[in-house]
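The next block holds one structure in the form of structure tokens; read it before the comments.
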């Protein structure tokens, strides 16, 4: 008995989700701890154990500390339920799953089944997304915040909505407390307002701003007591515009998010500890080389999407769409606004653009490719498009699985094991099972110390 199209669609969607979830859970279970992770876990541990909410986040690349208490909550509340260093990583993975679900529902309203299946493949099963969804790090939360930005903007597209406006402003204010790349979402909102793609309900927006301001009061008190906590004190605003290279680098990342080309930090595979040295010698370097070659070839897909969509978007910008196409066109315009905002933020950035500094635009980068590629699945080129999609699925699963067992943040030991060196032991290391992860060593002389934990006693003189 043949399956109905609706049944095949549901099986494909569920299958892709379960594949991605399985890879993500393996990554969470195997995740390791680095320097930023210790700082974030220390904030969360104080909340889970002592009920202390640290009013500022970790240090930023532009100097100072991230504002507000949200980092303390994001990494502390999961530890209330599960006292383990991997609890915040699991919470991040679940937040990414919710982000995919929200955007899938948006596509269900704006597009069709093909778009939803492609989005599950290019977003949820994307090794970029999975790799940064399964370990403890504040930039990883910008992908869910990007999704919330899209959903609340969707609620404001046709009319002024109190709740959508309140939520939209709250998302911007909370993202401000997570990572400096929140600027992408702010600039995108300004562009959407300027082009009348969204309509703000001012009482709702002002209430959202007031709630965000209230959440920042403890941080303002902390900054008043210690001005060094204020972020953004290093670098020159607009440095990217002067140097040009940061803009080119940022645009390259936007293209790579929706491709099979991964960051060099994700693919130095080491399977020694898991599969043994023989398997590592056979697999690690050949697999990395093969993924690099496939990744370079796959960039043709996002490049083709942008080459085809941008001229068409410019021609149709002032044209009033008919009812049947208005929702899809709005989603295309939304993705374009976020991408333009990302490029503007690269120009303004005082620091070198890194892979994670455009995560707020990750969903827009993927949506652009999905909205271009889905019609190819029902065109004259549908056979070639389906074969490419099938190959894409295989490469995504292989790459994701390889990262889960041999990626830098998901492997124990290996050819070049490394560990964080702390100045002293601490109950947090044992309470959160960090000591069992093999990521921490103690050296009272040469180690460093998380900024919010009480400083350890100085080692006795002439120890060495």
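Here, each number is a calculation from the coordinates, and none is a lab measurement. On a predicted model such as this, the values are computed, not experimentally measured, just so you know. Cβ atoms come from the backbone with ideal geometry, glycine included; neighbour counts cover every protein chain shown.
Structural remarks
- Taking the convex hull of Cα positions in the range 139-258, its mean projected area over all directions (nm²): 9.0
- D_trans [Stokes-Einstein, Kirkwood Rh over alpha-carbon pairs] for the range 55-139, 20 °C, 1.002 mPa s, µm² s⁻¹: 147
- The fraction of all Cα pairs in the range 304-450 landing in successive 10 Å bins from 0 to the largest distance is 9, 21, 23, 21, 14, 10, 2, given as whole percents.
- Residue order, fewest to most surrounding Cβ atoms within 10 angstrom, among 285, 266: 285, 266
- Ranked list, fewest to most other Cβ atoms within 10 Å of each Cβ, for 82, 100, 128, 330: 82, 330, 100, 128
- Among 102, 77, the ranking by other beta carbons within 10 Å of each residue's beta carbon, starting with the fewest, stands as 77, 102.
- 0 to 90° range, to nearest 10: angle between helix 362-373 axis and the chain longest Cα axis: 30
- Cα pair count fraction exceeding 23 Å, expressed as % - the range 57-212: 43
- In the chain, the longest principal axis of the Cα atoms and the axis of helix 87-110 are about 10 degrees apart.
- On a per residue basis, the convex hull of the C-alpha atoms belonging to the chain measures out at 176 Å³.
- Per-selection Rg to Rh, the range 28-91 - Cα, Kirkwood hydrodynamic radius: 0.97
- In units of the rule-of-thumb radius 2.2 N^0.38 Å, the range 365-464 shows an alpha carbon radius of gyration of 1.92.
- Adding -39500 (n - 2.57) for every DSSP H run of four residues or longer, then dividing by how many residues the chain holds, sets the calculated 222 nm ellipticity at -19500 deg cm²/dmol.
- Stokes-Einstein diffusion for the range 1-133, with the hydrodynamic radius set to the Kirkwood value over Cα pairs and evaluated at 25 °C in a medium of 0.890 mPa s, equals 147 µm²/s.
- Cα long-axis angle, helix 202-215 against the chain (0 to 90 degrees, to the nearest 10): 20
- Coordinate range of the alpha-carbon atoms in the range 122-168 per principal axis, descending: 37, 23, 9 Å.
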